Amino acid sequence: MYVFCATNTKPHPLTDQLMKFFATIFCCLLLAGHLSAQNNGRPKVGLTLSGGGAKGLAHIGILKAIDSAGLKVDYVTGTSMGAIVGALYASGYSGNDIEALRKDIDFDVLFSNNVPLKTLSMEEKDQYSRFAIELPFINNKIRLTTGVITGQELNMKFSELFFHVYHVRNFNELKIPFKCMATDLETGDLVVMDTGNIITALRATMAIPSVFSAVTRDGKKLVDGGLVRNFPVKNVKEMGAGIVIGSNVTNGLSKVDQIKNPIDVLLQMAFYREAADFKEELPLTNIYIHMPLEPYNTGSFGSGSEIFDIGVETGKLYYPIFKKLADSINALGAATEKETEPIINKTVFIKSYKVKGLRKTTAPFFFHLMNFDDHKNYTALQINKSIRRAIGSRYYGSITYTLEPVSKDTANIVFTAEENPSTYLKAGLYYTRFRGINVNANLTSRDFIIPNSRSLVSVSIGESTQIEAEHYQYLGRIKNVAFIAGFKLDNQTINTFQNFKVEGSYKQNFSQTYINFQNAGNNKIAAGVGTAFEYIRFRPSIKAEKEVKGRFTDFKSYVYVKYNDLNQIFFPAKGLKLNVELAQVWDQQASLIQYDNGLPVVPSTLNFDNYTRLLFDASLFRPVNKRFVFLSEFQTGINFTNKPNYLNNFLIGGLSGSYRNQVRFAGLQEAAVNSSSVAMLQLGLRYNPANNIYITGKINGLVKNFATKTNATSGRDALTGYALTFAYKTPIGPIELSAMYCDQSKRLQSYVLVGIPF
């Protein structure tokens, strides 16, 4: 047995000539030993890739070197991440192809239970991540979540990557015969997988206990094969490999000084069996490649580029050996190549469909929600788009599918759906100086009143009070039309300002009852019409020079458009969010007393004629590079009236949150300025120096009072301001500390946000 190995990735001290010389001698000895053992022509090359989580990305560099050398691999085995990389290679992807895939994958999304924001329907985006805690309510009891990753995004990504081999049920029929390892959860025995659905096999081989849910296959519950055999060289030898290349990215059992807590002890004990097996596997390799990746762990996907680069450098080190081996083997005869299906734009004609696992929803609702039809050609991306439509409704927690071949490029599709609990309890906590400390709670239930519906009640209780109740009724064949009925209440104390200084304050009681009809063409855009009845009451709490006491009501009829393709709720890196509303305010009824220096103003100068108003709010995010994101916001509000109407005016100030008629502005506290028309443009740059830490600089300017004939724009009607924010993302929401300055107020102010605003 001849074994060539190295244990570092630094440049080799030998010259290129010496490296090539030793590679030639090594390959001659290797081939001589193989051919003397069995004289049957061209020797078979096996490739074994170890598990190792994120560290397994280094295997890609070895594949690139093998491809560059022209070395044909005849058999592949792998475990966990090594099995995923190996399966891609065995199914027809090259090392360069797999590198390109790595660059496009968002591992934070792939290995989480979070539903990607872009997947959610428009009505769910407004509610998603508004509460830090979200617990299912089942059989009148609150259930704790397991924390185990079900792998919905992982399943869909695998279905895309292996769509071209959907018909393969024997892994020997892949371009390169392939096997992967799993562990029987009940017995602890090794399970070698080389038949069945390859996606199910890959999900099983990487199902790390307590991290990913176990996978049911052939009546067994399977978990990560790395517990028993992380480096399956024996299996590639059994397949017929005479020459074995083994790539290992793990470091074996920990040293005593590295075991520092009970978790480390449990992990050490869990891998005793695998460590014993590795001692038997290692001598069976002919070319053993060990990449010491001590600074990284199985979850270091954020360092994927650095890990991949180590693999590339290691591949360059071994390239002379691969090249000499390829030349020597090819001199013995040409390799036979299997015909494989094209990977790109593969389509399958779906003859029929069915769904399993439904208990509360119906098959027609499921397929209408997906907008899925039979007797139609589909790509993997199109099928997943339909699945994401259903997942985005949050009726379903997991949807997978299997294609059952009927004939060439024709199949029946079988979906398996796991429904979410019908009811969830949610809670959160937040603080701002404007709102004070508040506790948020929510109850959301689906199909509670009427089938195909979502009902919710949210409350925020503390130094201010907010209530929101809404019933959302799905209509239409594909459930893209909705009837929405709702109620909102907001009781809060608002300061009044004179020349940017607090003059007084009043309590505002605002409520709105509304009915909307909405059409959501996809999960990015929605448009609708509606009418609302509004009640506004004012009550002074700190005396000011000018005051109003009493109430008024109005009706508001409107059309609106919403667009949202942000990549995430908090600190988005790319996307556009847009809200536009054009409304007619009518039938205003007032019962108010206006005061000036404590004396009633008779007749009142307040105006309550009908008027038209426009609201426009757009936020844009674009990545500059890995650490920097450019952001901008344009917000405008216009009351199209020439008569004084300051009770309906826009209130300028604040960095976050929302209240009636707010226009955000960096540099001023909430409601610091009042105007009947305002247009604000903000530009910013956000820096992400480390995980969950963000530093953002903002500059903005606005003009106001530009839409009235009696108030022409002047220097006093222009404002400029700045803000510098340090933020940390926590499980309960962001914590933001800001310093603000406005050129006109000439005051440096602070702004604090803790948690998720209501």
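The values are calculated or read from the model by the stated rules, or taken from the named source; none is laboratory data. Since the structure is predicted, the reported quantities are computational estimates derived from the model, not experimental observations. As a convention, Cβ positions derive from the backbone with ideal geometry for all residues, glycine included, and neighbour counts pool all protein chains shown. Side chains included, ligands, DNA and RNA excluded: accessible areas come from the protein's heavy atoms. Shrake-Rupley method; radii C 1.70, N 1.55, O 1.52, S 1.80 Å.
Name the residues whose placed amide hydrogens come within less than 5 Å of the amide hydrogen of Arg664, ignoring near sequence neighbours (fewer than 5 apart) on the same chain.
HN-HN under 5 Å from Arg664: Gly653.
Does segment 112-219 classify as rounded, prolate or oblate by the C-alpha gyration tensor (a ≥ b ≥ c root eigenvalues; a/c under 1.5 gives rounded; else a/b over b/c gives prolate, otherwise oblate)?
It is oblate, given that a/c is not under 1.5 and a/b is not larger than b/c.
Pulled fully out, how much extra length does the chain show between Leu592 and Phe517, if you take 0.36 nm times their separation in residues and subtract their Cα-Cα distance?
Between Leu592 and Phe517, full extension yields an extra 23.7 nm.
Relative contact order of the chain, please, whole-number percent, based on alpha carbon pairs below 8 angstrom and at least 6 residues apart.
Relative contact order comes out at 11 percent.
Which of Val624, Leu606, Trp586 sits farthest toward the positive end of the charge dipole of segment 578-647, with +1 on the Cβ of Lys and Arg and -1 on the Cβ of Asp and Glu?
Ranked along the dipole, the leading option is Val624.
Tell me, how many Å apart are the Cα centres for segment 453-517 and for segment 331-379?
Using only Cα atoms to place each centre, the spacing works out to 44 Å.
Taking a 31 Å limit on the Cα-Cα distance, which of the listed pairs Lys479/Lys577; Lys55/Lys179; Lys360/Lys556; Lys55/Lys626; Lys562/Lys626; Lys354/Lys488 fall beyond it?
Lys360/Lys556; Lys354/Lys488
Check which residues have an amide H placed less than 5 Å from Arg42's amide H, if you skip close sequence neighbours.
Amide H neighbours of Arg42, under 5 Å, 5+ apart: none.
Of all DSSP beta bridges located in the chain, what percent are antiparallel, nearest 5?
Percent antiparallel among DSSP bridges in the chain is about 90.
For every helix of n ≥ 4 consecutive DSSP H residues, a contribution of -39,500 (n - 2.57) applies; sum these over the chain, divide by its total residues, and give [θ] at 222 nm rounded to the nearest 500 deg cm²/dmol.
-6000 deg cm²/dmol
Within the chain, which DSSP H helices have Cα atoms that stretch 30 Å or more along the helix axis and a mean Kyte-Doolittle hydropathy of at least -1.0?
Span-like helices in the chain: 16-37, 304-330.
Hey, what's the chain come to in accessible area per residue, 1.4 Å probe, Å²?
45 Å²
Quote the charge dipole size of segment 344-501 about the Cα centre in Debye, to the nearest 20; the model charges only the Cβ of Lys and Arg (+1) and of Asp and Glu (-1).
280 debye
Just tell me which lysines come within less than 27 Å, Cα to Cα, of Lys501; anything on the same chain fewer than 8 places away is out.
Correct list for Lys501: Lys543, Lys546, Lys549, Lys643, Lys698, Lys704, Lys746.
Counting Lys +1, Arg +1, Asp -1, Glu -1, what net charge surrounds Phe538 among other residues with beta carbon under 9 Å of its beta carbon?
+4
Roughly speaking, to the nearest percent, how much of the chain's 1.4 Å accessible area is carbon and sulfur?
57 percent
How many percent of all Cα-Cα pairs in segment 384-501 sit more than 22 Å apart?
The calculated P(r) of segment 384-501 puts 57 percent of pairs beyond 22 Å.
What's the ranking of 98-108, 282-292, 387-397, 69-79 by average number of surrounding C-beta atoms within 10 Å, highest first?
Ranking the peptides 98-108, 282-292, 387-397, 69-79 by packing returns 69-79, 387-397, 282-292, 98-108.
When the dipole is taken about the Cα centre of the chain, and only Lys, Arg (+1) and Asp, Glu (-1) are charged at their Cβ, what size is it in debye, to the nearest 20?
Charge dipole of the chain: 1040 debye, to the nearest 20.
Please enumerate, by chain and number, the aspartates and glutamates with C-alpha under 16 Å from the C-alpha of Lys220, excluding those fewer than 8 residues away in the same chain.
Hits, sequence-local ones excluded: Asp184, Glu186, Asp189, Asp194.
Taking the Cα centre as origin and putting +1 on Lys and Arg beta-carbons and -1 on Asp and Glu beta-carbons, what dipole magnitude results for segment 545-622, to the nearest 20 debye?
Dipole size: approximately 400 debye.
In the structure displayed, which of Lys316/Lys346; Lys64/Lys376; Lys157/Lys346; Lys103/Lys316 lie more than 26 Å apart, Cα to Cα?
Over 26 Å Cα-Cα: Lys316/Lys346; Lys64/Lys376.
Between Leu358 and Arg627, take the C-beta separation as r, use R0 = 45 Å, and let me know the FRET efficiency to the nearest 0.05.
Plugging the Cβ-Cβ distance into 1/(1 + (r/R0)^6) gives 0.50.
Lys/Arg Cβ at +1, Asp/Glu Cβ at -1, dipole of the chain taken about the Cα centre: which of Ala707, Ala544, Ala87 is farthest positive-ward?
With unit charges placed on the Cβ atoms, the residue in question is Ala544.
State the dimensionless ratio Rg/Rh of segment 296-400 (Rg: radius of gyration of Cα atoms; Rh: Kirkwood radius).
My calculation of the ratio gives 1.22.
With viscosity set to 0.890 mPa s at 25 °C, what whole-number translational diffusion coefficient in µm²/s follows for the chain from Stokes-Einstein and a Kirkwood radius over Cα pairs?
82 µm²/s
Determine the distance separating the Cα centre of segment 272-293 from the Cα centre of segment 409-427; give it in Å without decimals.
Here the two parts' Cα centres lie 41 Å apart.
Within a Cβ distance under 14 Å of Gly521, other residues only, what is the Lys/Arg minus Asp/Glu net charge?
Around Gly521, the surrounding residues sum to +4.
Rounded if a/c is under 1.5, else prolate if a/b beats b/c, else oblate: with a ≥ b ≥ c from the C-alpha gyration tensor eigenvalues square-rooted, which is segment 495-592?
Here segment 495-592 falls in the oblate category.
Name the residue farthest towards the positive end of the dipole of the chain from the options Gly304, Thr400, Gln682, assuming +1 on Cβ of Lys and Arg, -1 on Cβ of Asp and Glu, about the Cα centre.
Gln682
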